[in-house]
Amino acid sequence: MERVRAGVLDIAYREFGPPDGPPAVLLHGFPYDIQACEAAALRLAADGVRCLVPYLRGYGPTRFLDPATPRSGEQAALGADLLAFLDALGIGRAVLAGYDWGGRAACVVAALWPDRARGLVSCGVGYNIQNIPAAGRPVAPETEHRLWYQYYLHGERGRAGLAENRDAFCRLLWRLWSPTWAFDAETFAQTARAFDNPDFVDVVVHSYRHRFGLVPSDPALVEIEARLAAQPAIAVPTIVLLGADDGVGPPPATDTDARHFTGPYRREIVAGVGHNFPQEAPDAFAAAIRALL
């Protein structure tokens, strides 16, 4: 495990492949950790790609440097962390690839700092930048019921439930979101250790409240959030990968995200894959990154 001070964090990460290879950053989501990306990273490393796989804020050994820093899980924080990570390692441009929270970080950097992204692989949701000003508008009941866990975390009962039952809560999400993925107890246990981070609950709860406008931003991130509220286009070459069996965000037949991408763009729905795309389909994930290199 490597460590680097980047922005407000001491980020723990793993590195695969030659240090002089073309760089790619592989980013996990909630409730997962770097194990999700390791199989794909090993495949790419064998091809000479330098793969960097960091723990996001609130996960694993990654820690905040200052006890006074707000434990924010907002999208601006994830993007700022990724940008600081690239800066700290002296990486000018990289392919950014992720899903869920990690895909959101990658989309934020690709949209606001496109000179830092050689390409983008976004899984689960193509345009993964939240439209917070519109978050109060209801969506179809079929979609609403899949978001029960977010609404649960809006209240203090949900915070307490996550704190007391984090393993059971996250294991349930794994099962619901990847119904055709036959993961075993050891696979989950390896990742669940990352949820013991002392900031995990605070960061997760803030994330799911902030996206609905229920809590304020970290004051240091207000300007970034304002830029994201404009729903900026993404111009870098992009490949969107969607699992056909994703239980939280089933891919729609019509591509409603394409309008946000102004550069080369490809969308692919992969059969037999759920929400945890890199871990369930490491070959497809690695192939998309390789295509952008």
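In the stretch 65-81, of all residues being under 16 Å from the mean Cα position of the chain (by Cα) and of a type in the set (A, V, I, L, M, F, W, C), the one that is most open to solvent (accessible area, probe 1.4 Å) corresponds to 80. Given the criteria modelled with pLDDT of 95 or more and open to solvent by 10 Å² or more (accessible area, probe 1.4 Å), does residue 84 qualify? So residue 84 fits the description; yes. Among the residues of the stretch 36-64, count how many are buried (at least 21 other Cβ atoms within 10 Å of the Cβ) and either touching a residue at least 40 places away in the same chain (Cβ under 8 Å) or among the small types (Gly, Ala, Ser) (or both). Adding up the residues that qualify gives 16. Evaluation of residue 269 against the conditions (1) open to solvent by 50 Å² or more (accessible area, probe 1.4 Å); (2) hydrophobic (A, V, I, L, M, F, W, C); (3) assigned to a loop (DSSP other than H, G, I, E, B) shows that the sole unmet condition is (3). Looking across the stretch 243-282, the residues that are without any contact (Cβ under 8 Å) to a residue 40 or more places away in the chain and not hydrophobic (A, V, I, L, M, F, W, C) come down to 250, 251, 252, 254, 256, 259, 262, 263, 264, 265, 266, 268.
There is no residue in the stretch 105-118 that is over 28 Å from residue 291 (Cβ atoms) and either at pLDDT 95 or above or under 16 Å from the mean Cα position of the chain (by Cα) (or both).
Considering only residues in the stretch 150-186 that are of a type in the set (S, T, N, Q) and within 19 Å of the chain's Cα centre (by Cα), the one that is surrounded by the fewest Cβ atoms within 10 Å (Cβ to Cβ) turns out to be 150. Taken over the stretch 105-133, residues that are over 22 Å from residue 87 (Cβ atoms), part of a helix (DSSP H, G or I) and open to solvent by less than 10 Å² (accessible area, probe 1.4 Å) amount to 0. Looking only at the stretch 223-242, residues that are touching a residue at least 24 places away in the same chain (Cβ under 8 Å) and outside any loop (DSSP other than H, G, I, E, B) come to 11 in all.
Within this structure, residue 102 fails the test of being open to solvent by 10 Å² or more (accessible area, probe 1.4 Å) and either on the phi > 0 side of the Ramachandran plot or not aromatic (Phe, Trp, Tyr) (or both). Among the residues of the stretch 189-219, those that are of a type in the set (A, V, I, L, M, F, W, C) and either crowded, with 21+ Cβ neighbours inside 10 Å or in a helix (DSSP H, G or I) (or both) comprise 189, 192, 194, 195, 200, 201, 203, 204, 205.
Among the residues of the stretch 146-177, which ones are among the hydrophobic types (A, V, I, L, M, F, W, C), within 13 Å of residue 201 (Cα to Cα) and touching a helix residue (DSSP H, G or I) at 6+ places or on another chain (Cβ under 8 Å)? Passing the criteria: 153, 162, 163, 169, 170.
The values are calculated or read from the model by the stated rules, or taken from the named source; none is laboratory data. Predicted model only: the values in this text are computed from it and were never measured. Please note: Cβ atoms are built from the backbone with ideal geometry, for glycine as well, and neighbour counts cover all protein chains shown. Heads up: the accessible areas ignore ligands, DNA and RNA and are worked out on the full protein's heavy atoms, side chains in. Shrake-Rupley method; radii C 1.70, N 1.55, O 1.52, S 1.80 Å.
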